[in-house]
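Heads up, the thing below is written out as structure tokens.
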Amino acid sequence: MPLAQRPAPLAILVLCLIAFLGSVGTGLVVPVLPFVLAETAGNAAAGARALGWLMAVYGACAFLAAPALGRLSDVVGRRPVLLVSTAGSAAGDLILACARTIRAACLGRAVDGVTAGNMGAVNAYVTDAVPEEDRAKAFGRIGALFGIGLITGPAIGAALAALWGARAPLLGAAALAGATTVIGWMALPETAAGRTRRLQLRAGDLNPLVGLRASLVNPPVRRLLWAAVLATAAAVTVQLLVLLVAKDCLGWSAVRVSAMVVAVGVTDIVVQGLLVGPLHDLTGDRGVATLGLGLIALSAAVLGATAVWPVPALAVAGTLAIAAGEGLFSASFAACLSRAAEHGGAGALLGAQQGLQEVTAVVTPVLGTQLYARTGGAVPLGMSAVLAVGALVLLAPRAGARSTRA
């Protein structure tokens, strides 16, 4: 897009606000889900099983919808998809807040999942609106705001739950998503309309497998997408198992574990908000992503060792490493992938990435926790380190490939 057609900096600020409010809403919903589901299902065990189903329903719906929404944003523009996504979150949270059966709760999460194209559209918007050399910094700022929201949301949710019960944060999240929709409708301009009117939406574009197959045809893009899958599998497993290692191997209390979660959020904010830009200037997008993957692999190895030799210092080091590594990788990898997109196809490609990551984030926690229950923490964490190294191999540029250093 020519520079003259780029939206004003105010539009980027509005986009950052939308991303921040969306993460606050996520932080409001996730911590109270076990309590709401235990109340809905009638007991804690049934509620725990229901939580697994809700995670699966949301992830499956997001996997099916995200590639289509990404392609749709290429055709009709980023703004409509963002508005539909935030409105869908509002509707899904409202249904969940009012649900009195597990089926109704699953319906709420399904509505939220089907419209979960917000981050793909946000990333595509940044691709349209920000020059290549500045994208990693923009993704880093959005990632930092997302981290702030994930810290802010649970604090607000705890206050709402203390005052009005466990369902109050869900109503708060619905209201917040509704307000985000209004803000986007009033203040967010379109970035892709002039270009995307030349594109057409075919029936096959609504099939997530067709969209994924089209994205996987290009070998360099295919390597990047599979690197994202392996990195997501490793990071999600480590982020989940570190909580179990802290509880089971170190004997930490809920208060100490909660403090660790806050430390993870703060580290993520500092890394994405302050370090991504300078590191990008030194090494480029691929270099920052490589550093992030290295830290993820190191974290998995250190925490795997902690499961065998329960030393608190190892747990702290591994926890800070996964927070820093995931933050560096997510911001810089989005810039790498956006550069690989063909003209007019950023939404489809970033939507495909989101869909793959959504389904990976559903499958790997189930497999990781089952393996943890059978073997302890060393085996699944060691496998996570191997996955991160595999992502490193896929991310490494091949001889003759064009550098992505900006």
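The numbers here are math on the coordinates, done by the rules we state, and not lab data. Just so it is clear, the model here is predicted, and its values are computed rather than measured. So basically every Cβ, Gly included, is an ideal-geometry build from the backbone, and we count neighbours across all protein chains shown.
When the expected Rg is taken as 2.2 N^0.38 Å, what fraction or multiple of it is the alpha-carbon Rg of region 10-162?
1.11
For a protection proxy built on the mean count of beta-carbon atoms within 10 angstrom, sort 85-95, 175-185 highest first, please.
Ranking the peptides 85-95, 175-185 by packing returns 85-95, 175-185.
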